[in-house]
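Since the structure comes first, as C-alpha cells, the remarks are kept for the end.
The values are calculated or read from the model by the stated rules, or taken from the named source; none is laboratory data. Just so it is clear, the model here is predicted, and its values are computed rather than measured. Virtual Cβ from ideal backbone geometry, glycine too; neighbours counted across all protein chains shown. Ligands, DNA and RNA are stripped out before the accessible areas are found, and what is left, the full protein with its side chains, is counted by its heavy atoms. Shrake-Rupley method; radii C 1.70, N 1.55, O 1.52, S 1.80 Å.
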Amino acid sequence: MELKKVVLIIIINLISVSSSAELYSIVIPVPDQSELSRDKAIDKAFTQVLINLTGFSNAAEKVTINVNEETFVEALSFQKIFGENSEDDVSMTDDELGLKVIFSEKDLNKFIVDSGLRMLSSVRPEFLFWILVDEEIKGRDFLRNSSDHQFKIELNQKLESRKITHFLPIYDLQDELSLSKDDAWNLNTESVKAASSRYDSDGWVLVRFYEAESGMIRGTWTHDVDGELMTDDFFSSSIRDFFNQQIDMFLDKLLLPFSYVSDQSYEKVKLVIKNIDQYADYKVLTSRIKDLDIVRSVELSSISLNDLELVIETNASTKFLRRDLSGLSFLSERTGIPSNERRLAFDWIN
C-alpha cells in the first residue's frame, strides 16, 4: 500500500476515535477535590453526557430505575480548566479546578438501550442557522459569524455543550438576493430553503425575534429537517432567560429526526462495496463499520471482481445505517443503483 494511503488511514482512524471518545468525556468545574465535590461532579457529568448521546434534555428524567453513575465511569482526573472548557455559565480563571469524567462507551450504550431511550446517530448533524434580529434602536439585520450579539454567543455555547455542529450563512450578495430580510421576517420558507441550498447542512433553522431596549425578546423559531417544517413562537424577559428556560425544548425537537430507539433485536442488511482491491482496505473498512454504535457484526458474504458484499447486523433502521456509512470519509453512496431497506451500495474512495 502506498505510504500516503497508510498515513491517510491512520489519520482517519485517529479522528474517528477522538470524535467518538469526546462524546463520552466531559470536564465539570469543582470547588475542591473532596469526595462530595467528586460525587456531585460525576452526577452532573452523567446527566450531560446522557443529553449529548440521546439528544434530549430530559433523558435522565426518563430513566425509571435508580442509577449508580459511578458504575459507568472509566476514568477520573482533576485538572485546571478555563471558561471555554467549563459546563457552567460563570467565567473561570486558570486557577479553577475541574474533574474530567470519562464514561465507558460500551456500558453506557447498553444502559441507554436497556432503558429504552432514544440515541442520536453517531454521525452528528450539522445545522445552518439564519438569525434575524430586529432591535429597537439598530433596526433589523442578520447575525453573522463575526457578530458578538449575545444570542449568537449563547447559541454557540449551548450547541457546543451538546456536541452539535452549526454555522451561520455568509450573507453575501448571493444570500441577500436569495433571501431578503423582509422574506425572512415574513417566514417565507421557500426563500429560506432556496437560499440554504448552497450550503451543505443536515437542515436549516430560521430564528427571527424582536429585541426591546429592556432586553425582552419575542420571536419565532422555524426549522426544516428532511422536508418537515416546524414553527414555534417564543417570548422571554431576556436572551439569557430564553437560553436558560426554553432553548432545550427547541433543540429537542430539532434533534428528534436524528435519533432512534435502539432495538434489542438486530436486522440484517446487505452492503455492496465497489473498488475494494486490497486486503488492507478491506480490513480498514470492516473495522470502521464495526466501530459504529448501531452495528453488532459484519460478515463477508461474497466477492466478485472488485465488489464485496457484506452482511451487517444493525439494531437501528437502514436510514441510520446509511447515514452512519455516509459519514465515513472513504465511502460514497453509489449513484444509479437504488438502495432499499435490505441492501445498500457504496463505492470505496481511494
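Observations
- Radius 9 Å from Cβ of Lys270, net charge of other residues (Lys, Arg +1; Asp, Glu -1): +2
- For segment 201-339: rounded, prolate or oblate by the Cα gyration tensor [a/c cutoff 1.5]: prolate
- Distance between the modelled labels on Phe235 and Lys106, one decimal in nanometres: 5.4 nm (7 Å Cα→Cβ projection).
- Between the residues Ser259, Val269, Ile247, the greatest Cα displacement towards the positive end of the dipole of segment 240-292, with unit charges on the Cβ of Lys, Arg, Asp and Glu, is found for Val269.
- Helical segments meeting 24 Å axial Cα length and Kyte-Doolittle 0.0 threshold in the chain (DSSP H): 3-23
- Accessible surface ranking that places the most exposed of Asp43, Asp232 first, with a 1.4 angstrom probe: Asp43, Asp232
- The label-point distance for Asp291 and Phe167, in a model that sets each label 7 Å from Cα toward Cβ, rounds to 2.3 nm.
- On full extension, the segment bounded by Glu228 and Lys270 gains 12.2 nm, given 0.36 nm per residue less the C-alpha separation.
- Residue-normalised accessible area of the chain, given per residue in Å² at a 1.4 Å probe: 51
- Dipole magnitude of the chain about its Cα centre (Cβ charges: Lys, Arg +1; Asp, Glu -1), debye to nearest 20: 1240
- Helical runs (DSSP H, four residues minimum) scored at -39500 (n - 2.57) apiece and divided by the length of the chain put the mean residue ellipticity at 222 nm at -10000 deg cm²/dmol.
- Net lengthening on full extension, Glu176/Ser146 (0.36 nm per residue, minus Cα-Cα): 9.1 nm
- With DNA, RNA and ligands ignored, accessible area of Glu136 (1.4 Å probe; Å², nearest 10): 100
- Segment Gln245-Thr71, extension gain: residue separation times 0.36 nm, minus the distance between their alpha carbons: 59.5 nm
- For segment 236-350, the fraction of 1.4 Å probe accessible surface lying on carbon and sulfur atoms is 47 percent.
- Measuring only protein heavy atoms, the 1.4 Å probe finds Phe142 accessible over about 10 Å².
- Gyration tensor (alpha-carbon) shape descriptor, segment 151-229, a/c threshold 1.5: oblate
- Listed pairs Lys44/Lys80; Lys193/Lys268; Lys163/Lys283; Lys110/Lys193; Lys158/Lys268 exceeding 27 Å between Cα atoms: Lys193/Lys268; Lys163/Lys283; Lys110/Lys193; Lys158/Lys268
- Figure legend: label point modelled 7 angstrom from the Cα of Asn350 along Cα→Cβ; residues of segment 248-290 with amide N under 14 Å from it are 274-282.
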